[in-house]
Amino acid sequence: MKTDTNETKIVRGLRVGEQVRHALSDILARGDVHDPVLEKHMVTITEVRMSPDLRHATAFVKPLLGKDEAVVIKALRTNTAFLQRQVAQRVQARFAAKLKFIADESFDEGTHIEQLLRQPDIARDLTPDEG
């Protein structure tokens with residue numbers, strides 16, 4: 001009887017998530033989705049997180065320069081069924097994962113933290129004391 005360790009399941013989820021990310025990126029880069037919004041925007045799939053059973057995939061998305069983010073997310077959600085079929089054909093998995101698209105806020109958070117660290121009163125606390 002084969003038993004998967006927790007570590008094996010995590011590695012499998014990461015591997016499948018990366019395969020789904022590559023497949024989605026390829027589909028969008030090639031212009032396979034016939035949607036006027038997606039044809040006008042370059043979209044980056046920054047990460048795909050898989051559920052433990054690999055049946056659900058959450059794709060974190062960022063349009064180039066963060067422009068028209070809400071419109072792009074809506075277009076991706078409108079085309080979810082098509083994208084799921086295309087990903088299922090490219091990723092050889094037991095099940096076709098249900099896709100969910102979410103705006104990637106990590107870049108915005110990083111920029112905000114950087115701005116906070118550059119504030120004079122905070123920067124002063126971060127520099128080593130002289131003497």
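If the condition is being over 19 Å from R90 (Cβ atoms) and in a helix (DSSP H, G or I), then region 18-54 contributes P36, V37, E39, K40. May I ask you to list the residues in region 91-110 that are in a helix (DSSP H, G or I) and either of a type in the set (V, I, T) or surrounded by 14 or more Cβ atoms within 10 Å (Cβ to Cβ) (or both)? None - no residue of region 91-110 is in a helix (DSSP H, G or I) and either of a type in the set (V, I, T) or surrounded by 14 or more Cβ atoms within 10 Å (Cβ to Cβ) (or both), so the list stays empty. Suppose the filter is modelled with pLDDT under 85, closer than 30 Å to I10 by Cα and not aliphatic (A, V, I, L, M); does G110 pass it? So G110 fits the description; yes. Is it the case that E47 is among the acidic types (D, E) and loosely packed, with under 14 Cβ neighbours inside 10 Å? It is false that E47 is among the acidic types (D, E) and loosely packed, with under 14 Cβ neighbours inside 10 Å.
Kindly indicate the residue of region 45-67 that is polar (S, T, N, Q) and free of Cβ contacts under 8 Å to residues at least 60 places away in the same chain and also nearest to A23 (Cα to Cα) among those meeting that condition.
It comes out as T58.
Set side by side, the residues E39, E47, E18, E7 differ, and just one is in contact with a helix residue (DSSP H, G or I) (Cβ under 8 Å, 6 or more places away or on another chain) and among the acidic types (D, E), which is E47.
For region 19-76, a residue qualifies if it is small (G, A, S) and within 16 Å of the chain's Cα centre (by Cα), and the qualifying residues are A23, S25, A29, S51, A57, A59, G66, A70, A75. Within region 50-76, being surrounded by fewer than 20 Cβ atoms within 10 Å (Cβ to Cβ) and touching a Leu at 6+ places or on another chain (Cβ under 9 Å) holds for H56, T58. Can you tell me which residue is surrounded by the most Cβ atoms within 10 Å (Cβ to Cβ) among those in region 1-31 that are within 16 Å of D53 (Cβ to Cβ) and aliphatic (A, V, I, L, M)? Restricting to residues being within 16 Å of D53 (Cβ to Cβ) and aliphatic (A, V, I, L, M), the top hit is V20. Beta carbons closer than 7 Å, at least 6 apart along the sequence or on distinct chains, never pair a first residue in region 14-30 that is acidic (D, E) with a second that is surrounded by fewer than 18 Cβ atoms within 10 Å (Cβ to Cβ) and assigned to a helix (DSSP H, G or I).
The values are calculated or read from the model by the stated rules, or taken from the named source; none is laboratory data. Because the structure is predicted, anything quoted here is derived from the model rather than measured. Please note: Cβ atoms are built from the backbone with ideal geometry, for glycine as well, and neighbour counts cover all protein chains shown.
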